[in-house]
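The values are calculated or read from the model by the stated rules, or taken from the named source; none is laboratory data. The shown structure was predicted, so the numbers you read here are calculated from the model rather than taken from an experiment. Glycine gets a Cβ as well: all are built from the backbone with ideal geometry, and neighbour counts include every protein chain shown.
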Amino acid sequence: MVKNMNVHPTAIVSNQANLADDVQIGPHTIIGEHVTLGAGTVVEGQVVIQGKTTIGENNKIGCGTIIGTPPQDHAFDESVHSEVQIGCGNVLREFVTIHCGTKEGSATVVGDECLLMTGCHLGHNVRLGNRVIVQNNCLLGGYVEVGDSADLGVGSVYHQFLRVGTLCMVRESTRTVKDVPPYLCVSGFSTLRGLNSMGLRKEGWTIEARREMKRAFQLIYHSQLNISQALHKAGEMTWSPEASAFFEFIRSSKRGVCSKLTKRALQAMSSEAL
């Protein structure tokens, strides 16, 4: 039930909604009956939050954002009970759209401390990890999965069911139709630019860890072996947990992984700059 006095008089908030005492609701906002909003969350004006939507603590939700409405799926059955789950400490800027899951009991999930910039869209059953940045006007199709600390560039688009790994950097206007393995940078049409060295340094990776990741990258993409052969060879070697996760991501891919390299990436193979 609505307990606090921080609701603008023009807002429409269901008496069955579950709001923490200090939640702030802006003008002309609509909050549905199955919505839960955690402490410290601020919802600005003209926001719509519907369906079974659970939003944690200390989130900021920008003007015009729409969360929890039905997915854009011809096969969606309105009787289905699905959800949106959003963690803590996230910032959703203006006009973000997040749709609920498309199947019974499923959910669209946003982790903690993510930044979703203006106009981005999360389709049904998308899953974002923690500290993900989704820049302006990104479009994520249904069932897209994004790992922790990934950065999705302005206007980039993502085919349904693909995965973007941990600490990936996706450049602006990129079209991605295949999985992007962890720790890499991609641009253009699913084209790899090499390791996301800047991101690895920001995460505190040592020079030794970055060099090992470069060796793993070279084994997959520059060893004259196909991916299956490279994975087999990797399995005969000892790797850190991070490099092992890189190989396992590739091994488990159902769509296939990005494999085309830019000329710059090919030239960087012989460079020690990390």
task: For residues that are among the acidic types (Asp, Glu) and either surrounded by 18 or more Cβ atoms within 10 Å (Cβ to Cβ) or over 17 Å from GLN50 (Cα atoms) (or both), tally how many sit in the range 95-122.
output: 2
task: Read through the list (1) in contact with a helix residue (DSSP H, G or I) (Cβ under 7 Å, 6 or more places away or on another chain); (2) without any contact (Cβ under 8 Å) to a residue 40 or more places away in the chain; (3) basic (Lys, Arg), then give the number of the only condition that ARG193 fails.
output: (2)
query: Out of (1) of a type in the set (A, V, I, L, M); (2) surrounded by fewer than 19 Cβ atoms within 10 Å (Cβ to Cβ); (3) within 17 Å of the chain's Cα centre (by Cα), the odd one out for ALA75 is which?
result: (3)
statement: Here the residues within the range 18-64 that are buried (at least 21 other Cβ atoms within 10 Å of the Cβ), under 21 Å from HIS81 (Cβ atoms) and without any contact (Cβ under 8 Å) to a residue 24 or more places away in the chain are ILE31, LEU37, ILE49
field: Residues that are more than 21 Å from ALA245 (Cβ to Cβ) and outside any strand (DSSP E or B), drawn from the range 111-125
entry: MET117, THR118, GLY119, CYS120, GLY123, HIS124, ASN125
- line: Picked from the range 202-226 (must be of a type in the set (Gly, Ala, Ser) and in a loop (DSSP other than H, G, I, E, B)), the residue modelled with the highest pLDDT is GLY204
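Out of everything in the range 170-184 that is hydrophobic (A, V, I, L, M, F, W, C) and surrounded by 22 or more Cβ atoms within 10 Å (Cβ to Cβ), what residue ends up being farthest from SER149 (Cα to Cα)? Quick ask: steps written out before the conclusion?
So the first thing to find is which residues in the range 170-184 are hydrophobic (A, V, I, L, M, F, W, C), and the list is 170, 177, 180, 184.
Still in the list and also surrounded by 22 or more Cβ atoms within 10 Å (Cβ to Cβ): 170, 180, 184.
Working: VAL170: 12, VAL180: 14, LEU184: 12 Å.
By that ranking, first place goes to VAL180.
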field: Complete set of residues in the range 142-156 that are surrounded by fewer than 22 Cβ atoms within 10 Å (Cβ to Cβ) and touching a Phe, Trp or Tyr at 6+ places or on another chain (Cβ under 6 Å)
entry: TYR143
- prompt: Considering the range 132-163 alone, what residues qualify as being part of a loop (DSSP other than H, G, I, E, B), closer than 14 Å to CYS120 by Cα and within 9 Å of the chain's Cα centre (by Cα)?
  reply: VAL132, VAL144
- prompt: Is it the case that the range 172-183 has a residue that's more than 20 Å from TYR143 (Cα to Cα) and of a type outside the set (Gly, Ala, Ser)?
  reply: yes
